[in-house]
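Colleague: Dumping the structure here so I can ask a few things about it.
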Amino acid sequence: MQPSSPTGPVLSMHDVWKSFPTPRGTVEVLRGVNLEIDPGSFVVITGPSGSGKSTFLNLASLLDTPTKGTLHFGGRLASALNERELCALRKERLGMVFQKFCLLTHRSALDNVLFRFRYLTSPDSDARSRAEHALARVGLASHAEQPVRLMSGGEMQRVAIARAVAQRPDLLVADEPTGNLDRAASTSVMETFRELNADGITILLVTHNEALLRYATRHLVCREGRLEDVS
């Protein structure tokens, strides 16, 4: 069973900096980021290429740690956790959706969603029913046994979303989720996100497409390594 979600902000950063060494010296990519993401919010981050969005997303997804400052996920201080503990948080508390669908195209939609449960620290006896429910939530109940390779791009992305939310994560992180889709498929995918958010799932979405801002409850802009709240 999935543990209950903690109270307080899902994600919080205080004076977070991220730098990288280069042959020409240290490059500061993030500069003093302060942020709290409350449960149930739909946060969209925009900004130009090179502004620090990808670095920020890696931190928010617990794939990297700050050079300076503090990052808490679900009330837990990331820098106090070892890699095994961080990995457990990612598996059990985070859902991730990418521009590239990252699916097993030769397997069925259901198999792809079931893959979400493969590496949990505790076996989930209800994994199949949870996976079927997740597919139903994104409108693909009738496609459960269909091979992914026979699906449209929009359907593939909805399978990826179903996989991400099957464990009902504390935070769903999406990186340019409509970047490979046409307008109709993009609308379908974003409506799916809207419905999931209305059901209580917290969403953090990064995009270049400002047309997606109409789905947001909060808009942040990343500029030169800093986050500005413009909502």
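The values are calculated or read from the model by the stated rules, or taken from the named source; none is laboratory data. Every value quoted in this text rests on a predicted model; they were computed, and no experiment measured them. Don't worry about glycine lacking a Cβ; one is built from the backbone with ideal geometry, like all the others, and counts go over all protein chains shown. Heavy atoms of the whole protein, side chains included, go into the accessibility calculation; ligands, DNA and RNA do not. Shrake-Rupley method; radii C 1.70, N 1.55, O 1.52, S 1.80 Å.
Colleague: Quick one: would you say residue 125 is more than 24 Å from residue 202 (Cβ to Cβ), at pLDDT 95 or above and not charged (D, E, K, R)?
Modeller: For residue 125, the condition - more than 24 Å from residue 202 (Cβ to Cβ), at pLDDT 95 or above and not charged (D, E, K, R) - is not met.
Colleague: Just to be sure I understand the filter: pairs with C-beta atoms under 6 Å, separated by 6 or more residues or on different chains, first member in the stretch 168-184 and in contact (Cβ under 8 Å) with a residue 12 or more places away in the chain and farther than 21 Å from residue 38 by Cβ, second member open to solvent by 30 Å² or more (accessible area, probe 1.4 Å) and of a type in the set (Lys, Arg). Which pairs pass?
Modeller: Note: no pairs meet the criteria.
Colleague: So which helices (runs of 4 or more DSSP H) stay within the stretch 80-147 end to end and still have 2 or more residues that are basic (Lys, Arg)?
Modeller: 83-93, 127-137
Colleague: Quickly run through the stretch 76-111 and pick out the residues that are more than 15 Å from the chain's Cα centre (by Cα), of a type in the set (Gly, Ala, Ser) and open to solvent by less than 80 Å² (accessible area, probe 1.4 Å).
Modeller: Passing the criteria: 78, 80, 88, 108, 109.
Colleague: Count, please, the residues in the stretch 37-54 that happen to be outside any strand (DSSP E or B), modelled with pLDDT of 95 or more and surrounded by 15 or more Cβ atoms within 10 Å (Cβ to Cβ).
Modeller: The qualifying residues number 2.
Colleague: Can you spot a residue in the stretch 160-177 that is over 13 Å from residue 97 (Cβ atoms) and among the polar types (S, T, N, Q)?
Modeller: The answer is yes; a qualifying residue exists.
Colleague: When you go through 63, 71 one by one, which is the residue that is open to solvent by less than 50 Å² (accessible area, probe 1.4 Å) and in contact (Cβ under 8 Å) with a residue 12 or more places away in the chain?
Modeller: From the options 63, 71, the qualifying one is 71.
Colleague: Does the stretch 137-154 contain at least one residue that is among the β-branched types (Val, Ile, Thr), surrounded by fewer than 20 Cβ atoms within 10 Å (Cβ to Cβ) and either at pLDDT 95 or above or more than 18 Å from the chain's Cα centre (by Cα) (or both)?
Modeller: No, every residue in the stretch 137-154 fails to be among the β-branched types (Val, Ile, Thr), surrounded by fewer than 20 Cβ atoms within 10 Å (Cβ to Cβ) and either at pLDDT 95 or above or more than 18 Å from the chain's Cα centre (by Cα) (or both).
Colleague: So which of 196, 140, 135 ends up being touching a residue at least 24 places away in the same chain (Cβ under 8 Å) and more than 15 Å from residue 103 (Cβ to Cβ)?
Modeller: Answer to the check: 196.
Colleague: Being farther than 20 Å from residue 37 by Cα and either part of a helix (DSSP H, G or I) or without any contact (Cβ under 8 Å) to a residue 12 or more places away in the chain (or both): is that true of residue 164 here?
Modeller: So residue 164 fails the test.
Colleague: Name every residue in the stretch 187-231 that is open to solvent by 20 Å² or more (accessible area, probe 1.4 Å) and either among the polar types (S, T, N, Q) or assigned to a loop (DSSP other than H, G, I, E, B) (or both), in order of residue number.
Modeller: Within the stretch 187-231, 187, 188, 197, 199, 200, 208, 209, 216, 217, 224, 230, 231 meet the criteria.
Colleague: Can you pull out the residues in the stretch 11-36 that are loosely packed, with under 13 Cβ neighbours inside 10 Å, farther than 16 Å from residue 63 by Cα and out of contact with any Lys or Arg (no Cβ under 9 Å at 6 or more places or on another chain)?
Modeller: Passing the criteria: 21, 22, 23, 24, 25, 26, 27.
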